[in-house]
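These notes are about the structure you will find just below.
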Amino acid sequence: MKAVLLGATKGMGRALARLLAERGARLFVLGLGEEDLARTAADLRVHGASGEVGTAPCDLLDPQAFGPALDVADRVLDGFDTVIVTAGLFAGQEEFEADVALAARMLAANFTNTVLFCEEARKRLLARGGGTLCVFSSVAGERARKPVILYGAAKAGLSYYLTGLDHKFRAQGLRTIVVKPGFARTGMTAGLKPPPFAGDPEVIARTVLKAIDRGTPEVYAPPIWRWLMLVIRSLPRAIMRRIGF
Ligand SMILES: NC(=O)c1ccc[n+]([C@@H]2O[C@H](COP(=O)([O-])OP(=O)(O)OC[C@H]3O[C@@H](n4cnc5c(N)ncnc54)[C@H](OP(=O)(O)O)[C@@H]3O)[C@@H](O)[C@H]2O)c1
């Protein structure tokens, strides 16, 4: 496997990158901060990644940079076959309601710009007959809930887009995988009280890797979230208005 990862300097992206490294994959890491990128590359080499782990800066808030960053990765890897996007922003609903600039950044990063990044990746993968595009959305995009209205709206749009890509391009060899994690204990959720069924990044990464191997188009992680969301999606509107969840 020759994989490009955006957002692998921390959290679930790092955990997944380590599993790929342990299999001897060739990896190229895109993201923020030279030091973080260098530290991640060194970590992935220690975990067994083949050859040099290349890195390049790529800010999800700067869509102009996506094409050039993927081209660098493509040259270094001599043609990547897998792209994994775990970069994303999170804050509570109240923070977004109080700070419109923060909300705008999150909406751009988690929806518009992730879609634009995927479009650049999709074109490059399809040009060589396909590959795997694995992107982290969220269960928050499955049902509008009071604590995650704006974040959930961005993730709902992202899930919708990724599902459409899978419908349209699977026959041409592009396997699009939308990952829907429930609450995960990472830097993103630091300080929040973990709810029941919270997951650890290493365990979630193993579930996602299985989905990548099999080409499963939609993966809930931990898997129990598939059934929890089935229930939550079916709750009547009157109940959703009454509860804080
Ligand atoms: N944690 C959860 O409970 C949870 C639940 C459902 C879905 N998710 C989704 O799963 C994905 C991974 O979450 P996580 O918990 O592993 O998050 P995390 O630990 O906060 O890691 C997020 C990664 O994204 C990078 N990133 C943030 N802003 C970026 C930008 N503008 N440009 C490029 N990279 C950027 C971060 O780099 P820096 O640290 O340098 O900013 C970091 O490497 C996200 O899409 C998140 O929305 C998370």
Inset, instruction - Consider only pairs whose beta carbons are under 9 Å apart and that are at least six residues apart or on different chains; among these, list those whose first residue lies in region 96-112 and is more than 18 Å from residue 178 (Cβ to Cβ) and whose second residue is open to solvent by less than 50 Å² (accessible area, probe 1.4 Å) and not in a helix (DSSP H, G or I). - result: 99/91; 102/91; 103/91; 106/88; 106/91; 108/60
Legend entry - Residue within region 88-106 that is under 19 Å from residue 132 (Cα atoms), within 13 Å of the ligand (Cβ to nearest atom) and at pLDDT 95 or above present: no
Legend entry - Filter result for the condition that a residue is of a type outside the set (Ser, Thr, Tyr), in contact with a Lys or Arg (Cβ under 9 Å, 6 or more places away or on another chain), in contact (Cβ under 8 Å) with a residue 60 or more places away in the chain and farther than 27 Å from residue 192 by Cβ, over 27, 77, 133, 44: 77
Legend entry - Output for region 180-218, where each listed residue is more than 10 Å from the ligand (Cβ to nearest atom), under 25 Å from residue 244 (Cβ atoms) and not hydrophobic (A, V, I, L, M, F, W, C): 191, 193, 196
Legend entry - Of all residues in region 155-174 being within 15 Å of the chain's Cα centre (by Cα) and of a type outside the set (A, V, I, L, M), the one that is nearest to residue 115 (Cα to Cα): 161
Inset, instruction - Could you check residue 159 against (1) open to solvent by 20 Å² or more (accessible area, probe 1.4 Å); (2) free of Cβ contacts under 8 Å to residues at least 40 places away in the same chain; (3) of a type in the set (Ser, Thr, Tyr) and say which number it fails? - result: (1)
Inset, instruction - List every residue pair whose Cβ atoms sit under 7 Å apart, with the two residues 6 or more apart in sequence or on different chains, where the first one lies in region 173-201 and is in contact (Cβ under 8 Å) with a residue 24 or more places away in the chain and the second, anywhere, is within 10 Å of the ligand (Cβ to nearest atom) and of a type in the set (S, T, N, Q). - result: 178/137; 179/137; 180/137; 180/138; 181/138; 201/186
Legend entry - Qualifying residues in region 95-136 (those that are open to solvent by 70 Å² or more (accessible area, probe 1.4 Å) and under 14 Å from the mean Cα position of the chain (by Cα)) - the one nearest to residue 175 (Cα to Cα): 116
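The values are calculated or read from the model by the stated rules, or taken from the named source; none is laboratory data. Being a predicted model, the structure only gives us computed values, none of them experimental. All Cβ positions, even for glycine, are placed from backbone atoms using ideal geometry, and neighbour counts span all protein chains on display. These accessible areas exclude ligands, DNA and RNA; they are computed on the full protein's heavy atoms, side chains included. Shrake-Rupley method; radii C 1.70, N 1.55, O 1.52, S 1.80 Å.
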